[in-house]
Amino acid sequence: MDRPPPPGTAHRVMRQDDNGNRFLLARGLDRARAEALAAEFEARGHKQLYWVEPEDPSEPADPAGRAGSG
């Protein structure tokens, strides 16, 4: 089981399109703001998957290796 990230950990909002491509939408947010942003994107009704995950400072800015375009 994953442990929750420590307080103050930055979070990012991710998106997956219909083809399975992953994109970074926003990063460096606190968890509450990241969750609110993901909910805002979901409310727009696009049939894409949005989620929030803690950032790992050792990873590149875009974990999919692409420029984040929303």
Could you derive backbone 3J(HN,Hα) for segment 49-54 from the dihedral phi with the Karplus parameters 6.51, -1.76 and 1.60 (θ = phi - 60°), listing whole Hz in sequence and x where the residue is Gly or Pro?
9, 10, 8, 10, 9, x
Residues whose built amide H sits under 5 Å from the amide H of Leu29, excluding neighbours closer than 5 in sequence, are His11
Taking every other residue with Cβ under 11 Å from the Cβ of Ala26 and scoring Lys and Arg +1, Asp and Glu -1, one gets +2
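Before I look further, what does segment 12-60 give for accessible area per residue, probe 1.4 Å, in whole square angstrom? Before the final figure, lay out each step's value.
Working: 3100 Å² over 49 residues.
For segment 12-60, the solvent-accessible area averages 63 Å² per residue.
The values are calculated or read from the model by the stated rules, or taken from the named source; none is laboratory data. Everything numeric here is computed off the predicted structure, so don't read it as measured data. Glycine gets a Cβ as well: all are built from the backbone with ideal geometry, and neighbour counts include every protein chain shown. Heads up: the accessible areas ignore ligands, DNA and RNA and are worked out on the full protein's heavy atoms, side chains in. Shrake-Rupley method; radii C 1.70, N 1.55, O 1.52, S 1.80 Å.
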